[in-house]
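The values are calculated or read from the model by the stated rules, or taken from the named source; none is laboratory data. All figures in this text were calculated on a predicted structure; none of them were measured in a lab. Counting neighbours? That spans all protein chains shown, and the Cβs are built from the backbone with ideal geometry, glycine included. To get the accessible areas, we keep the full protein, side chains included, count just its heavy atoms, and leave off ligands, DNA and RNA. Shrake-Rupley method; radii C 1.70, N 1.55, O 1.52, S 1.80 Å.
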Amino acid sequence: MIIKSYGLIEVMKLENKKRKDTEYELELYLNTAADLFATLDEDGYIKKVNSNWTKLLGWNEHELVDHKYTEFVYPEDINITIEIDDMVNSSRGLINRYMCKNGEHRWLHWNYRYNPVNNVILGTAKDITEQKRIESQRKCLEEKVNLEIIKNEFFANISHEFKTPL
């Protein structure tokens, strides 16, 4: 009986060490990933974030934890932000702006999943600010090109009418 107990204790120690190693590895992965990672409770309060929040938005973990996630959403984007109940009942992406600590804002593309075992929402976000800027510039350039085409056609027609006798 003592030998069996000792054997079980050793197995438990080994399994516990494996679990701790796996947790450490996961934590290391989440902190070195390029994306933001956050855990929210079912009321929408931030429970855990990775270090990329500081790198990208300037907020540290102490400034974020136990605050509602909507406090950091850009004010004009509050109306497109998904309510916590919708996050629990679905798993889709969301694009909105988040406030940086320095007052600027960044576009983030969120993906999230509800974990019913722990009653938490796990979310990852990718910074798409540069993509949004390029998209905006492209749209502006297309509008300018279209305007230039219209002007050229107009002047070509006017020129033609002056050359053609009535």
Accessible-area value, W59, 1.4 Å probe, nucleic acids and ligands omitted, Å²: 50 Å²
Calculated from backbone phi, Karplus (6.51, -1.76, 1.60) coupling profile of the range 109-123 in Hz, x at Gly/Pro: 9, 9, 10, 8, 9, 8, 9, x, 5, 9, 6, 10, 10, 9, x
Helix-derived mean residue ellipticity, 222 nm - over the chain, DSSP H n ≥ 4, -39500 (n - 2.57), to 500: -16500 deg cm²/dmol
Cα-based helix-to-principal-axis angle, 129-163 vs the chain, degrees rounded to 10: 10 degrees
Equivalent ellipsoid semi-axes - Cα gyration tensor, the chain, angstrom: 55, 18, 15
Within a Gaussian network of the chain (alpha carbon springs, distance under 10 Å), most fluctuating of F155, F37, F72: F155
Principal semi-axes in Å for the range 100-141 [√(5λ), Cα gyration tensor, largest first]: 31, 14, 5
Cα pair distances exceeding 14 angstrom across the range 88-166, given as percent: 76 percent
With all protein chains modelled, accessible area of H160 [1.4 Å, Å²]: 110 Å²
Over 19 Å between alpha carbons, listed pairs K68/K101; K47/K68; K18/K126; K55/K101: K18/K126
C-alpha long axis of helix 2-32 to longest principal axis of the chain, angle in °: 20 degrees
Global form of the range 34-80, assessed from the alpha-carbon gyration tensor, a/c cut-off 1.5: oblate
Rel. contact order, % - alpha carbon contacts under 8 angstrom, at least six apart, the chain: 17 percent
Residue-level accessible surface for E142, protein heavy atoms, 1.4 Å, Å²: 90 Å²
Protection-proxy order for peptides 99-107, 21-29, each taking the mean of Cβ atoms within 10 Å per residue, highest first: 99-107, 21-29
